[in-house]
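Contents: one structure, followed by commentary.
The numbers here are math on the coordinates, done by the rules we state, and not lab data. The structure presented is a predicted model; accordingly, all values stated were derived computationally and were not measured. FYI the Cβ positions are ideal-geometry reconstructions off the backbone, even for glycines, and counts take in every protein chain you see.
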Amino acid sequence: MSERSPNTDGAAESRFDAGTRVRRAVLGDAHVDRAQAAQTAFDAPFQRFITETAWGTLWAGDALDRRTRSLVTIAVLAALGRHEELALHLRATRNTGATPEEVREALMHVAVYAGVPAANSAVALAKRIFAPEAVTPAQAGVHPPEAGGTARHEGEVDPRANSPSPTPGGPPLSRGDDSPPTE
């Protein structure tokens, strides 16, 4: 895999050099430096392979921008439950331009097409990583639903708030096992 592609100066750049450049731009110098320092004779061929193939061919391509590649990668990793790599790529959104809102939308697609449990785990991980940037529903003026109710916006009142049952004459509200999950 020693094919060369033109770099920004028009000179030939190897896939490895292109991959290293793109990998550093996306994941950051500190991550790449740590990975290179931890490299052994055993994993050196694998590190070269991913640098040339994933970073020097796929991520260096021009058919998709880095923001889009980032969102696709996050969705695939979430669907596969690859949390260590997912966390790495969630942190890399600072460099790719993908916003927390776009990540959330990608993870909602994961819920529909790959399953709610996979998306639920990924959303919880993204919440921890984006914590300083995350906006809570209360900050957005939305309040969590009462048991059996629906989310309310600031100033709205749940018409069932004074009723012990969601339907007149029905069973009382319960906060037992049927409560919605918190994450």
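With the convex hull of its Cα atoms as the shape, the range 1-123 has an orientation-averaged projected area of 8.2 nm². Amide H to amide H, with H built 1.01 Å from N, residue 13 comes under 5 Å of 5, 7, counting only residues 5 or more places away or on other chains. The modelled label-to-label distance for the pair residue 64/residue 127, using points 7 Å beyond Cα in the direction of Cβ, is 2.7 nm. For the pair residue 54 and residue 76, the difference between a 0.36 nm per residue extended length and the Cα-Cα distance amounts to 6.5 nm.
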